[in-house]
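The values are calculated or read from the model by the stated rules, or taken from the named source; none is laboratory data. None of these values were measured; they are calculated from a predicted model. Because the Cβ atoms are built from the backbone with ideal geometry, glycine has one as well, and the counts that use them run over all protein chains shown.
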Amino acid sequence: MKRTSEKKLHKELAMKNEFICVASHELKTPLTALMLQVEMAKKFMDAHGIEAISPKKMQTLINRTHQDVLRLSRLVDDMMDISRIHSGKFSMNYEFFNLEDYMEELKNRITSDKIRWTVNAPILVKWDRFRIEQVIVNLISNAERHAKNSDIDINVGIGGAHVYISVQDYGPGISPEIHEKIFERFKRGEEKNSEGFGIGLYICNEIVKHHMGKISIESHPGVGANFMLQIPISTTLQ
Ligand SMILES: Nc1ncnc2c1ncn2[C@@H]1O[C@H](COP(=O)(O)OP(=O)(O)OP(=O)(O)O)[C@@H](O)[C@H]1O
Ligand SMILES: [Mg+2]
């Protein structure tokens with residue numbers, strides 16, 4: 001009995017150590033970029049005075065710094081989610097809301113002329129709306145990042161006791177051999193230059209699982225990727 005709990009403790013410690021290791025490594029990358037940028041600007045300013053920085057240069061510097069800060073902040077949020085998932089404290093706040101109205105509101109907030117929305121969901125759902133939004137936004141940003149310049153089709157509909165949401169792009173697609181792997185923590189696909197951390201889909205999957213739903217992929221190299229969510233209308237009715 002004692003041995004089993006000791007083994008469990010060891011396993012948990014090893015998992016925590018691995019998490020801290022990977023997390024600090026992932027944080028280091030955008031932090032280094034940010035540091036280099038600020039250091040270069042400081043050196044230039046010290047040598048030539050602040051007047052020597054043109055407004056255009058200043059704008060570029062601020063824009064880049066802003067991007068890096070956003071990236072870091074998103075990464076920290078994701079890390080916190082992963083840590084909550086690990087410790088079993090990743091809890092949802094389920095509430096009733098009208099899905100059609102909510103989608104309309106989301107559509108107005110995500111302004112992109114590449115996205116075509118088809119929503120047919122006049123129904124009350126009982127979900128954690130912020131977490132489901134996190135999933136949809138993640139799938140959209142994956143399509144924007146990994147299928148650059150592609151159109152994106154978002155379909156929301158009802159079938160029986162479930163809502164079906166799909167986010168489809170027409171980019172490079174994903175080979176079937178890695179469909180399962182990309183849902184694992186810190187696992188990225190085959191492309192070399194992606195700036196992602198490989199966390200997004202892992203968190204999406206956890207959120208959808210908490211809603212008793214599932215995510216599936218339909219994708220082959222060269223024909224785009226379709227991520228499909230199937231979520232019970234009311235999570236607590238399961
Ligand atoms: N729409 C897509 N088209 C092609 N490949 C995709 C698409 N969505 C995800 N992938 C592949 O799945 C991998 C895992 O996706 P995931 O969202 O977990 O991580 P990421 O986008 O690399 O980083 P982040 O943690 O910032 O989201 C990606 O690295 C990419 O290779
Ligand atoms: Mg992603």
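Determine, yes or no, whether W127 is farther than 25 Å from F90 by Cα and either away from ligand 2 (no atom under 16 Å from the Cβ) or touching a strand residue (DSSP E or B) at 6+ places or on another chain (Cβ under 9 Å) (or both). The answer is no for W127. If you go through the range 98-107 one residue at a time, do you hit one that is touching a Leu at 6+ places or on another chain (Cβ under 6 Å), of a type outside the set (D, E, K, R) and crowded, with 18+ Cβ neighbours inside 10 Å? The answer is no; no qualifying residue exists.
Looking across the range 47-90, not a single residue is surrounded by 11 or more Cβ atoms within 10 Å (Cβ to Cβ) and on the phi > 0 side of the Ramachandran plot. The C-beta contact set for the range 209-230 (first residue not assigned by TED's automatic domain parsing to the domain that holds D151, second residue of a type in the set (D, E), distance under 7 angstrom, 6+ apart or interchain) is empty. Applying the condition of being more than 14 Å from Q134 (Cα to Cα) and of a type in the set (K, R) to the range 58-106 and asking which residue is farthest from the chain's Cα centre (by Cα) yields R64. Within the range 174-189, is even one residue closer than 25 Å to S234 by Cα, within 16 Å of ligand 1 (Cβ to nearest atom) and not in a loop (DSSP other than H, G, I, E, B)? Yes: the range 174-189 contains one or more residues that are closer than 25 Å to S234 by Cα, within 16 Å of ligand 1 (Cβ to nearest atom) and not in a loop (DSSP other than H, G, I, E, B). If you filter the range 139-152 down to residues that are free of Cβ contacts under 8 Å to residues at least 60 places away in the same chain and closer than 12 Å to G171 by Cα, you find that the one that is nearest to ligand 2 (Cβ to nearest atom) is R145. Being part of a helix (DSSP H, G or I), without any contact (Cβ under 8 Å) to a residue 60 or more places away in the chain and within 16 Å of ligand 1 (Cβ to nearest atom) narrows it down to one of S73, S83, so name that one. Selected residue: S73, the only one of S73, S83 that is part of a helix (DSSP H, G or I), without any contact (Cβ under 8 Å) to a residue 60 or more places away in the chain and within 16 Å of ligand 1 (Cβ to nearest atom).
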